[in-house]
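The values are calculated or read from the model by the stated rules, or taken from the named source; none is laboratory data. For clarity, every value in this text was computed on a predicted model and none was experimentally measured. With ideal geometry, Cβ positions are generated from the backbone for all residues, glycine too; neighbour counts draw on all protein chains shown.
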Amino acid sequence: MSEEYDFGELRNYLRGQIDLGDAELFLDEPWALTRGKSRPAPARPVPAPAPQPSGISEIFDDSGLFGTPSGAPAFKPAASSPAPAMATREPVAPAAPLAAPAPRAVKKIVAEYESADSLDSFYTLLKKDVLYARAAEVPRYAGPQAPRLLFVLPAQRAGEDCSNFLQGAPGEMLVRLFANLDVDAASIGVTYFFKGAPRTISPLLEASLRKMLAKEIALVQPSLVVTFGEPLFYQVFGKAKPFADMAGSDLEFGGAPAMALADPYAMVNDKQLKWLTWKVHIPRSTRFAKPQS
């Protein structure tokens, strides 16, 4: 080269860059250097140089390829320390089963009339019951012992009694009806479900009246119990099935055969209801011969 250049400043700049690290910074061009001081960096540990293999035998270890060379010690794995024994837990005894609660004794309330052994004692004790305690008189069953039919009417009407029901218009009509079925008036008995004036009967009162009627039936011992009227049908037999489908059919109450018919007070003045009773309801029963036309 015809001209020589002085690279001293460049050489000093590069050397300074190598030696700086993070301790100092150059803030200007290399040949107009201005050093700005900064926080000194922590000293970096210099890693020790790794030993270089002295020969190819150290680079490629073929000791395990064809077995252990003779004279070379066999590799022995370090003996593992015994695993710590697990702490044994005492078996937990199963909890004792909870004792079942003792059944509560249900005290059955027995009315005095349920202990009656005759109709006389039944009505005497019935008069002591809270339901009839204030009544001047309790209507008594009228009819023979063990009648063929026991008529059960809803309630006592004004001027009417069990003893004279068969002499009134509804009673006379029923006597003529059953005479065609070979049942005479002398084998018919009469009683009331509620032994008082007609009134609205609550479900609780219904239950009491059913118990009274069942006891009365047990003492009278009829061959067949006949109830009259749709409301009385539901009070005695429940509401599981409609009256229209069950009227005249074979039922049971108080351990005795039973059947339900239409209200005789309505039947007296309703020819269609009489016809329905005679042609539809009565033939449903298996306890009578086929009615005469």
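With respect to Gly255, is the statement that it is in contact (Cβ under 8 Å) with a residue 40 or more places away in the chain and surrounded by 14 or more Cβ atoms within 10 Å (Cβ to Cβ) true? Spell out how you get there, then give the answer.
Values: in contact (Cβ under 8 Å) with a residue 40 or more places away in the chain: yes; surrounded by 14 or more Cβ atoms within 10 Å (Cβ to Cβ): no.
So Gly255 fails the test.
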Residues within segment 238-260 that are modelled with pLDDT under 95 and touching a strand residue (DSSP E or B) at 6+ places or on another chain (Cβ under 9 Å), tallied: 1
Long-range neighbours under 7 Å by Cβ, at least six apart or interchain, first residue at pLDDT below 90 within segment 196-209, second loosely packed, with under 15 Cβ neighbours inside 10 Å: Gly196/Ala135
Test set (1) part of a helix (DSSP H, G or I); (2) more than 50 Å from the chain's Cα centre (by Cα); (3) under 24 Å from Leu273 (Cβ atoms) - Phe178 fails condition number: (2)
Residues (without any contact (Cβ under 8 Å) to a residue 24 or more places away in the chain and either outside any loop (DSSP other than H, G, I, E, B) or among the acidic types (Asp, Glu) (or both)) located in segment 159-175: Glu160, Asp161, Gln167, Glu172, Val175
Segment 137-175: number of residues that are of a type in the set (D, E, K, R) and more than 47 Å from the chain's Cα centre (by Cα): 4
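Look through Val226, Val280, Val236 and report the one residue that is surrounded by 14 or more Cβ atoms within 10 Å (Cβ to Cβ), part of a helix (DSSP H, G or I) and β-branched (Val, Ile, Thr). It would help to see each step written out before you state the result.
Values: Val226 fails: part of a helix (DSSP H, G or I); Val280 fails: surrounded by 14 or more Cβ atoms within 10 Å (Cβ to Cβ).
Testing whether each residue is surrounded by 14 or more Cβ atoms within 10 Å (Cβ to Cβ), part of a helix (DSSP H, G or I) and β-branched (Val, Ile, Thr) leaves just Val236.
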